[in-house]
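The values are calculated or read from the model by the stated rules, or taken from the named source; none is laboratory data. What you see is a predicted model; the values in this text were computed from it and never measured. Because the Cβ atoms are built from the backbone with ideal geometry, glycine has one as well, and the counts that use them run over all protein chains shown. These area figures cover heavy atoms from the full protein model, side chains too; ligands, DNA and RNA do not enter into them. Shrake-Rupley method; radii C 1.70, N 1.55, O 1.52, S 1.80 Å.
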Amino acid sequence: QHHYVEFRVFDTAYQDNREPRFVDNAEYVYLGGFNAQAVISDIVAEHAYPHWAKWLPPRLNFQQVAFGAGGIRPIGRLCYFYRRDRVEAAVQQALTNITDADAALRFHQKTGVRVNLEAGIDIHVICSVCGGTGSGMFLDLAFDLRQWAEEHTDREVTLTGHLVLPEAFRNK
């Protein structure tokens with residue numbers, strides 16, 4: 001089944017198998033699961049990722065990223081760049097799924113609904129800017145999404161951001 005709407009969720013908190021899930025596991029990309037302090041130490045000691053040292057505060061103390069970025073924006077950004085290959089692979093798969101002409105034809109034959117692949121690609125980035133993950137990665141992600149989508153198609157790419165502020169979580 002092909003829907004021409006693809007979801008990808010990027011988070012530093014592990015999505016467990018309890019119900020209800022907000023997205024399928026295939027749509028979820030886990031950006032945590034590594035020792036952030038070891039990566040930070042390598043950056044500060046100039047052993048790895050020297051270009052990250054320009055924006056990463058050297059005095060961060062954050063061990064294992066498994067339960068989220070802890071509201072720390074630089075950790076969210078670190079996770080994005082550390083797992084950027086996962087993000088790109090997930091985005092490329094989504095772009096391929098929504099621009100597949102053969103799948104569009106099969107979808108039309110099955111449902112009678114015609115998909116206009118000539119219309120371009122609309123990408124919506126929806127994130128909270130009051131925690132560490134979304135606020136730490138949304139600008140870099142938006143930049144990369146536009147670049148990857150424009151490399152994927154010669155059609156128009158529209159990128160829209162929906163940024164959730166702290167008031168949305170007031171009565172959580």
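Exactly one condition in (1) more than 30 Å from Phe62 (Cβ to Cβ); (2) at pLDDT 90 or above; (3) open to solvent by less than 70 Å² (accessible area, probe 1.4 Å) is false for Cys127; which is it?
Going through (1) more than 30 Å from Phe62 (Cβ to Cβ); (2) at pLDDT 90 or above; (3) open to solvent by less than 70 Å² (accessible area, probe 1.4 Å) one by one, Cys127 breaks only (1).
Taking the conditions exactly as written (within 30 Å of Glu167 (Cα to Cα) and buried (at least 20 other Cβ atoms within 10 Å of the Cβ)), does Leu78 satisfy them or not? Walk me through how you get there before you give the answer.
Values: within 30 Å of Glu167 (Cα to Cα): yes; buried (at least 20 other Cβ atoms within 10 Å of the Cβ): yes.
Taking the combined requirement at face value, the residue satisfies it.
Limited to segment 45-59, what total is found for residues that are open to solvent by 30 Å² or more (accessible area, probe 1.4 Å) and at pLDDT below 85? It would help to see each step written out before you state the result.
Just the residues of segment 45-59 that are open to solvent by 30 Å² or more (accessible area, probe 1.4 Å), to begin with: 45-47, 49-51, 53-55, 57-59.
From what is left, the residues that are at pLDDT below 85 are 57-59.
The number of residues fulfilling the criteria is 3.
With respect to Asp85, is the statement that it is open to solvent by 50 Å² or more (accessible area, probe 1.4 Å), farther than 22 Å from Thr12 by Cα and free of Cβ contacts under 8 Å to residues at least 60 places away in the same chain true?
no
Among the residues of segment 100-116 satisfying the criterion of being open to solvent by 50 Å² or more (accessible area, probe 1.4 Å) and in contact (Cβ under 8 Å) with a residue 12 or more places away in the chain, which is nearest to the chain's Cα centre (by Cα)?
Ranking the qualifying residues of segment 100-116, first place goes to Asp100.
With the checklist (1) at pLDDT 90 or above; (2) open to solvent by 30 Å² or more (accessible area, probe 1.4 Å); (3) under 25 Å from Tyr82 (Cβ atoms); (4) under 17 Å from the mean Cα position of the chain (by Cα) in hand, flag the one item Gly134 doesn't pass.
(2)
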